[in-house]
Each structure stands twice: as C-alpha cells, then as structure tokens.
Amino acid sequence: MLLVVTVGSIVLGRVLARGTIWLTPRIQDVATSVIVQFLGTFGVWIVAERLHISGILTMVVYAMSVARTAPDVIPARIRIPSYAVWEVVVFLLNALAFILVGLQLKPIVQQLDRAALLGYTRIGLTVCGAVILVRIVWAMGANVARGPRTPEGRRHAIVVAWCGMRGTVTLAAALALPADFPHRDLLLFTSFLVVL
C-alpha cells in the first residue's frame, strides 16, 4: 500500500503539474493567474485526498515540478507579482503551521510525566541529530559528486547543509496524521523538536 500511495502521489503530482504548466502561460491577467494558481494548488490537494493518496507528497512533487518549469514558460510580468503573493502566503501558512503545532503540543506535554517527557526529548534529539547528519552528508556528497573539489564549493555545501533545512513539510505531515494514529503525540513532539 505504501508503494502504491508513493508512486500514485508522484505520478499525480507530475501529471497535474503538466496541466498547470500548460494552462498558466495562457492567462494574461495577473490577478486571474494568481487565483488560478491558488485554485490549482488547493485542487491538487483535494484530488489527492479523494484518490486516497498522500496529499503532502503529491503537493511536494507538484510544486517542485511547477517551480522548475515556471520561469521558462510564464512571462515575468505575471511571474514576479505572483511570486510576491506566494511569499506572503507561504509566510502566513508557516506561521499557521507553528501555531497549530503549538496548540497541539501543549496538551501533549502536559499529559506526560517527567520520565516520559525525557524519553520523548531523547527520541526527538536523536532524530534531530540524524536529520542534521543526513543533510550534511547529502550536501557534501553532492558537492563531491559534481566534480572538482574547491574550497569555495565546500563552503557552499556547508552553507546549503545548514541553511537548506525546512520544517513546514514536516509539521504539515505530522499535523495530517489522524488523531488515532499510533504514537501520533511522539511524532508531533519529535517533528517540533526537529524543526526547532
């Protein structure tokens, strides 16, 4: 089932991205283009949920596919204002994700005794360390695989390793878990620690 959901999400994200990439350059009005982008984005999520595949994975694949191609096909007079709108929306959604996690985290922490809280913290810090280590290995490995190793390339890889970490997708994935999901409280707590 995991394989079906993963492959289905990737395929759906790519197919819907192609539709967006085909449609968006044909819209000449900035406001209409932004509205279509918003409706398309929410539509992708709704379609994925209706098909019982991962809305988050579908959205990530969709967004990456559109972002990679959009600068080549969307005129700058539409792209630049829409980027400005999306920057504000992303900022607000990030804030909302942290607020939602904070609202859910407080009752979780209140119900834990000292030993359980220490156990949750230990697990969270272990996962955090693993995430940081994997990110560093990934960025440095990509630098090595690209070709000639230079001090400048190494410095860039170090910056990418530390600055490229994002938390909103982690928080969204944790918040999307059903209330009765096994160890949901631990996953929320851990995702919060990793992001923090």
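The values are calculated or read from the model by the stated rules, or taken from the named source; none is laboratory data. Everything numeric here is computed off the predicted structure, so don't read it as measured data. We place every Cβ from the backbone using ideal geometry, glycine too, and count neighbours over all the protein chains shown. The area values use the complete protein model at the heavy-atom level, side chains included, leaving out ligands, DNA and RNA. Shrake-Rupley method; radii C 1.70, N 1.55, O 1.52, S 1.80 Å.
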Would you confirm whether any residue within the stretch 114-126 is open to solvent by 40 Å² or more (accessible area, probe 1.4 Å), at pLDDT below 90 and basic (K, R)?
no
Step by step: first the residues of the stretch 132-152, then only those that are of a type in the set (G, A, S) and at pLDDT 85 or above, then the one that is surrounded by the most Cβ atoms within 10 Å (Cβ to Cβ). Which residue is that?
A139
Name the single residue that is modelled with the highest pLDDT among those in the stretch 178-196 being surrounded by fewer than 15 Cβ atoms within 10 Å (Cβ to Cβ) and under 19 Å from the mean Cα position of the chain (by Cα).
P178
Among all residue pairs at least 6 apart or on different chains, which show Cβ distances below 6 Å where the first residue, located in the stretch 6-26, is closer than 14 Å to A67 by Cα and the second is hydroxyl-bearing (S, T, Y) and assigned to a helix (DSSP H, G or I)?
G13/T58; G13/Y62; R14/S65; L16/Y62; A17/Y62; A17/S65; I21/T69
Pairs, please: C-beta under 6 Å, at least 6 apart or cross-chain, first residue closer than 28 Å to W162 by Cβ and in the stretch 110-130, second basic (K, R) and surrounded by 13 or more Cβ atoms within 10 Å (Cβ to Cβ)?
none
Please tell me if F91 is at pLDDT 85 or above, closer than 30 Å to S33 by Cβ and either of a type outside the set (K, R) or more than 18 Å from the chain's Cα centre (by Cα) (or both).
yes
